[in-house]
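Working notes, beginning with the structure itself.
The values are calculated or read from the model by the stated rules, or taken from the named source; none is laboratory data. Since the structure is predicted, the reported quantities are computational estimates derived from the model, not experimental observations. A quick note on method: Cβ atoms are made from the backbone with ideal geometry, for glycine too, and the neighbour counts reach across all protein chains shown. With ligands, DNA and RNA removed, areas are computed over all heavy atoms of the protein, side chains included. Shrake-Rupley method; radii C 1.70, N 1.55, O 1.52, S 1.80 Å.
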Amino acid sequence: AELGKSEQAETAYRTAIALDSRFLKARHNLTRLLAATAQWEKALTAADELITASRGKPLPDYYETRGLILLWKNEPESALADLNQSLNMTPFRSPAALLYTGCALSRAGRYAQAERFYKLAQDRQPLQTLICLLLIENSVRAGEQAAAEQFARVLFSEKNVYDILKTLKELPEPGRTVPLDKDLVAPVIKTVYQAIGREAEEKA
């Protein structure tokens with residue numbers, strides 16, 4: 001899988017599962033592989049089978065993974081159900097689960113809650129370009145252009161333009177992180193970048 005040989009990896013995982021149906025690591029790896037290759041229906045089936053095979057003792061990661069798959073299938077409410085399960089099972093909530101929950105809330109139209117979860121995810125790790133981009137997207141969805149531009153200014157104050165554009169170019173990464181609507185984010189990035197340039201010229 002790490003070498004990008006997804007078909008061979010899938011065969012190997014399925015062989016391992018056939019040898020031991022309760023080999024949960026192989027099931028989880030298979031689910032993540034199918035998600036990373038955007039095979040959403042197969043990934044969801046594998047996630048369901050993983051949770052069933054855990055026999056009432058699933059790890060929080062299993063719900064987190066299924067929640068991410070449901071996000072990519074544009075089923076935010078179903079994703080939230082799984083992500084809540086994951087968050088409720090862990091005393092120290094993982095940044096990934098918080099991030100996924102923020103995205104699900106945003107896609108469900110609950111923008112204020114989404115912003116809160118994005119910021120919680122941000123609090124648990126250094127400022128990430130992706131989270132800032134998601135905060136911009138969430139503000140645009142909420143019709144709050146000024147807030148979107150403010151988040152963009154925060155991003156430009158911490159990251160250089162090349163890193164920002166590189167991240168935008170590389171997204172989306174199906175099954176590896178949450179979906180991002182670049183068509184909503186890119187115009188804000190451009191507007192703020194141009195504004196910062198004009199302000200620099202005026203100061204000069």
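Quick notes on this structure:
- Ala186 falls short on exactly one of the conditions (1) open to solvent by less than 70 Å² (accessible area, probe 1.4 Å); (2) in contact (Cβ under 8 Å) with a residue 24 or more places away in the chain; (3) more than 18 Å from Lys119 (Cβ to Cβ); (4) not polar (S, T, N, Q), and that condition is (2).
- Flag if Arg22 is closer than 17 Å to Val178 by Cα and open to solvent by 90 Å² or more (accessible area, probe 1.4 Å): no
- Positions within the stretch 82-114 being more than 10 Å from the chain's Cα centre (by Cα), assigned to a helix (DSSP H, G or I), at pLDDT below 95 and buried (at least 18 other Cβ atoms within 10 Å of the Cβ), in sequence order: Gln85, Ser86, Leu87
- From the options Gly175, Gly197, residue that is more than 22 Å from Phe117 (Cβ to Cβ) and either open to solvent by less than 90 Å² (accessible area, probe 1.4 Å) or touching a residue at least 24 places away in the same chain (Cβ under 8 Å) (or both): Gly197
- In the stretch 154-172, the residues that are of a type in the set (S, T, N, Q) and open to solvent by 60 Å² or more (accessible area, probe 1.4 Å): Ser157, Asn160
- For Asp123: the one exception among (1) in contact with an Asp or Glu (Cβ under 9 Å, 6 or more places away or on another chain); (2) closer than 21 Å to Pro60 by Cα; (3) among the acidic types (Asp, Glu): (1)
- Pick from the stretch 174-195, criterion among the polar types (S, T, N, Q) and part of a helix (DSSP H, G or I), ranking: farthest from Ala121 (Cα to Cα): Gln194
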